[in-house]
Structures are given as C-alpha cells and as structure tokens.
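J.: Once you've had a glance at the structure underneath, I'll fire off some questions.
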Amino acid sequence: MRTVLLAVAAAISVPLLILNWIAAFGGGIWLLVIGQWRLVIEGVVAMIGAAILLPIVLIVANFIASPAVSLGNKSRWLVYPFLFLGGLFTFYILANWCVLVFDMLVNRDHGTVWPYALWAYAVATTPWTSMLQRDVRRNPRSRGLIWLSASQLGAFGILISVFVGNGFQPEGGMSLFFTPFALLGMLMGYVASTQRTI
C-alpha cells in the first residue's frame, strides 16, 4: 500500500507543481488584463498575511497536542487522542482558509471563472507552501508536507466543485469536495514525509 501511495504522490506532484505556477502567474496576470487589479492586490496581501498569521493560529494545535509529549512515556494509547485533536484543529483551520478564499474570489459575477479560480487556488495554497519551506529549514524531518499536500489536493477538489457548479459553488459544496481530496493529500503527504526522513 505504501508503494502505491508513493507512486501516486510522485505521479501527481509534477502536475500540482505546474498547477501552482499556472495558478499564481496565469490567474494573476489574467485578472490584471481584465482589470481586476483590486483582487490581485487583495490576494497578495492575503497570501502574505496568512503566511504570517496562520503559524500563530496553529500554535493552538501544538498546545492541544502538547500533552502527548509527556504522556508518550506512559502509554502510546494516551498519546493518540491529543495528536488527533491537534490534527483536527489544524484541518479545521486549513479547510476554512481554503473554502473562505475560494468563496471570496470565485462566487462573484464574472464572464469566465478561470482566472478567478486559478487565482483562488494560488492564494489558498501559497501560505502553506511558505510555512513548509520555513519548517524544513528549521527541521528537515518536518511533517509540514502533510498539510501542504492537503491544501493543494483540497484546493484542487474545490476547483472541481466550482467547475461542476458552472462557476459558482456554495461553501457547503466546496467543503464537500475539499474534504476527501484533502484527506487523500494528508495521507500521501504523510507517506512521502516518512519516506523522506528514513
């Protein structure tokens, strides 16, 4: 199973990398060309602000999971609930960030949804990429790849939901598509990050 997940992760990593670049530059430039300067500026501010604020908010997840460190010596079973709750909080923040970004940028009057959806993908995933880069510099064994993979695949799921909805999608529909893709991303990120540190 691990080999299959690694193969799938390797197979989709290049298309996701290409999507990241196309979303950021293609979506941003397209919006500038059609006169949506304000959206581009708001997106850049949101990316920078989230890259600064999300790590601060995620300190709560570390606080929730911190009893696992002292309980680890007593029983492994006592560790899992705290790790689960810390991960659940992080997933909650990740899901709300991605859905909020897509809702703000995509659910509006537009001629074509493409530039808005691409820009929303870039704004939703860039802070998580930035956090992973910082984490890996501090700790090469960081598990931040789990959350980056979740954000990228989850945002891809929202992209699909937007196109299924003909350019519009309520937050519930976005969440419905986000969750299974993000969970798959978490699994693949976990497998890839454990393979990297062995």
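J.: Hey, could you check region 70-90 for residues that are of a type in the set (A, V, I, L, M) and over 26 Å from the mean Cα position of the chain (by Cα) and say which is modelled with the highest pLDDT? Give the derivation first.
T.: Residues of region 70-90 of a type in the set (A, V, I, L, M): 71, 78-79, 83, 85, 88.
Of the ones still in play, those that are also over 26 Å from the mean Cα position of the chain (by Cα) are 71, 78.
Values: Leu71: 79, Leu78: 83.
For region 70-90, the residue satisfying everything is Leu78.
J.: Being within 17 Å of Gly172 (Cα to Cα) and among the small types (Gly, Ala, Ser) is the filter here, so list the residues in region 89-116 that pass it. Let's see the steps before the verdict.
T.: Keep residues of region 89-116 that are within 17 Å of Gly172 (Cα to Cα), which gives 91-108.
Passing the criteria: only Ala95.
J.: Could you please let me know if Trp37 is farther than 22 Å from Met186 by Cβ, touching a residue at least 12 places away in the same chain (Cβ under 8 Å) and aromatic (Phe, Trp, Tyr)? Reasoning before the result, please.
T.: Numbers: farther than 22 Å from Met186 by Cβ: yes; touching a residue at least 12 places away in the same chain (Cβ under 8 Å): no; aromatic (Phe, Trp, Tyr): yes.
Against the criterion (farther than 22 Å from Met186 by Cβ, touching a residue at least 12 places away in the same chain (Cβ under 8 Å) and aromatic (Phe, Trp, Tyr)), Trp37 does not qualify.
J.: Here are some conditions: (1) under 29 Å from Gln169 (Cβ atoms); (2) crowded, with 19+ Cβ neighbours inside 10 Å. Gly86 meets all but one. Which one does it not meet?
T.: The failed condition is (1).
Conditions tested, residue by residue: (1) modelled with pLDDT of 95 or more; (2) touching a strand residue (DSSP E or B) at 6+ places or on another chain (Cβ under 7 Å); (3) within 24 Å of Gln36 (Cβ to Cβ).
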{"position": "Trp119", "(1), (2), (3)": "yes, no, yes"}
{"position": "Val123", "(1), (2), (3)": "yes, no, yes"}
{"position": "Asp135", "(1), (2), (3)": "no, no, no"}
{"position": "Asn139", "(1), (2), (3)": "no, no, no"}
{"position": "Arg143", "(1), (2), (3)": "no, no, no"}
{"position": "Ser161", "(1), (2), (3)": "no, no, yes"}
{"position": "Gly167", "(1), (2), (3)": "no, no, yes"}
{"position": "Ala182", "(1), (2), (3)": "yes, no, no"}
{"position": "Ala192", "(1), (2), (3)": "no, no, no"}
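The values are calculated or read from the model by the stated rules, or taken from the named source; none is laboratory data. Given the structure is predicted, the values throughout are model-derived calculations rather than measurements. Virtual Cβ from ideal backbone geometry, glycine too; neighbours counted across all protein chains shown.
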